[in-house]
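For reference, the structure is listed below as structure tokens.
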């Protein structure tokens with residue numbers, strides 16, 4: 001069986017053969033065309049048209065001036081016409097994209113109907129009815145296409161890391177009072193995010209991250225270290241911040257979670273306590289993805305070990321919880337099919353954890369009223385400004401951290417030995 005050649009090779013062949021074909025006589029052209037069709041696999045009629053028109057010159061006279069146009073069969077004429085989503089729409093779209101922390105097109109399109117009235121009410125944007133109509137109509141793919149060049153400016157080069165995999169859920173129960181039920185709110189996954197700065201020695205801060213599986217509501221708190229006492233205290237505070245009662249806790253196999261303090265606490269409060277399998281991060285996929293999208297994006301990968309740094313991080317989390325749960329839409333996987341080697345996934349409409357709670361009939365009406373009251377008082381732009389202000393303060397503290405000064409000095413000494421310079 002003859003091996004098919006690539007399109008790039010075909011174009012190179014076409015360019016070279018076209019030069020001979022256009023200069024050849026009729027009989028020679030027939031032989032050249034036979035060889036060309038046999039080599040490229042093109043239809044004979046298309047092959048003759050391609051060779052005739054490749055690099056064809058068109059002469060146009062404008063008065064006494066002679067202009068020669070050289071055609072290139074590879075290039076197609078761009079469609080001319082007025083853009084439907086014009087510059088005005090693009091500018092408003094960019095502003096909303098910045099405010100919502102660079103959401104993907106699909107999530108932003110689904111959330112547009114909710115966020116536009118909110119930003120207009122807060123006085124953050126002013127748009128005419130025509131632009132508003134277009135923004136409510138725009139699709140996720142169109143948003144990604146419009147923001148393509150803007151995204152390149154903000155892309156982090158060389159970023160590596162693991163991503164949460166398929167939604168696998170297979171816990172080993174420690175003590176069960178009720179069945180693990182992901183169809184009602186209150187069953188959370190918990191995890192610790194270390195702030196060691198890449199060096200595991202000494203004592204450093206940890207972020208306790210907790211996510212409700214059904215609604216995606218996320219709470220975070222920074223603790224001084226990963227001791228059982230500190231983590232347990234932080235978990236108790238976090239549980240009080242959730243707008244609904246906690247019915248189940250799922251953790252990894254670390255001793256900071258698997259201990260008598262937490263087991264007895266769950267027994268007293270009738271909470272289902274389970275643990276994931278060792279070295280299987282996919283078992284805790286809901287909280288694992290929040291470790292990056294919420295914690296790392298907010299405070300980065302620096303080393304935090306002082307009381308001042310922990311306090312500043314918790315101040316960031318105070319505003320971040322409101323920004324994440326009220327103004328960050330999330331998509332949940334509703335169906336996954338495998339057809340051969342291809343996996344087809346279907347997601348629901350992107351909505352915020354707050355919206356998912358208000359849509360639930362099994363959550364108390366008073367809780368919904370309280371959440372709505374808080375939502376009405378919030379301005380996403382002001383929340384974002386406060387978060388950025390505190391982030392700048394945190395990174396200023398980091399610059400004066402002796403840990404980083406020592407590491408810089410070590411690097412300078414190593415470089416100095418190599419090049420013979422005394423720093």
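The values are calculated or read from the model by the stated rules, or taken from the named source; none is laboratory data. What you see is a predicted model, and the numbers here were worked out from it, not measured in a lab. In this analysis, Cβ positions are derived from the backbone assuming ideal geometry, glycine residues included, and neighbour counts consider all displayed protein chains.
All of 265, 257, 302 fail the test of being touching a residue at least 24 places away in the same chain (Cβ under 8 Å) and surrounded by 22 or more Cβ atoms within 10 Å (Cβ to Cβ), apart from 257.
Take residue 234 and tell me if it is under 27 Å from residue 371 (Cα atoms) and in contact with a strand residue (DSSP E or B) (Cβ under 8 Å, 6 or more places away or on another chain). When the stated conditions are applied, residue 234 passes them.
Looking at the structure I just gave you, is residue 83 within 30 Å of residue 134 (Cα to Cα) and modelled with pLDDT under 85? Answer is yes for this residue. Looking for something at pLDDT below 90 and either outside any strand (DSSP E or B) or surrounded by 14 or more Cβ atoms within 10 Å (Cβ to Cβ) (or both) - is there at least one such residue anywhere in the stretch 373-381? Taking every residue of the stretch 373-381 in turn, none turns out to be at pLDDT below 90 and either outside any strand (DSSP E or B) or surrounded by 14 or more Cβ atoms within 10 Å (Cβ to Cβ) (or both). Of everything in the stretch 268-306 that is assigned to a helix (DSSP H, G or I) and within 18 Å of residue 237 (Cα to Cα), the residue that is modelled with the highest pLDDT is 295.
The conditions of being in contact (Cβ under 8 Å) with a residue 40 or more places away in the chain, surrounded by fewer than 19 Cβ atoms within 10 Å (Cβ to Cβ) and not in a helix (DSSP H, G or I) are met by residue 244. State whether the residues of the stretch 81-88 include one that is outside any loop (DSSP other than H, G, I, E, B) and either under 17 Å from residue 327 (Cβ atoms) or touching a residue at least 24 places away in the same chain (Cβ under 8 Å) (or both). Looking for residues that are outside any loop (DSSP other than H, G, I, E, B) and either under 17 Å from residue 327 (Cβ atoms) or touching a residue at least 24 places away in the same chain (Cβ under 8 Å) (or both), one finds at least one in the stretch 81-88, hence yes. Of the numbered criteria (1) at pLDDT 90 or above; (2) surrounded by fewer than 18 Cβ atoms within 10 Å (Cβ to Cβ), the one residue 182 fails is (1).
Of the residues making up the stretch 186-213, those that are without any contact (Cβ under 8 Å) to a residue 60 or more places away in the chain and buried (at least 18 other Cβ atoms within 10 Å of the Cβ) are 206, 208.
Residues that are over 26 Å from residue 391 (Cα atoms), touching a residue at least 12 places away in the same chain (Cβ under 8 Å) and not in a strand (DSSP E or B) within the stretch 320-363 comprise 331, 332, 348, 349, 350, 355, 356, 357, 358, 360, 362, 363, listed in sequence order.
At pLDDT 70 or above, assigned by TED's automatic domain parsing to the domain that holds residue 383, surrounded by 12 or more Cβ atoms within 10 Å (Cβ to Cβ) and under 21 Å from the mean Cα position of the chain (by Cα): is that true of residue 150 in this structure? For residue 150, the condition - at pLDDT 70 or above, assigned by TED's automatic domain parsing to the domain that holds residue 383, surrounded by 12 or more Cβ atoms within 10 Å (Cβ to Cβ) and under 21 Å from the mean Cα position of the chain (by Cα) - is not met.
For the stretch 223-238, the condition holds for at least one residue, the condition being that it is touching a residue at least 60 places away in the same chain (Cβ under 8 Å), under 29 Å from the mean Cα position of the chain (by Cα) and assigned to a loop (DSSP other than H, G, I, E, B).
Candidates in the stretch 104-144 are the residues that are under 25 Å from the mean Cα position of the chain (by Cα) and free of Cβ contacts under 8 Å to residues at least 12 places away in the same chain; of these, the one that is farthest from residue 351 (Cα to Cα) is 137.
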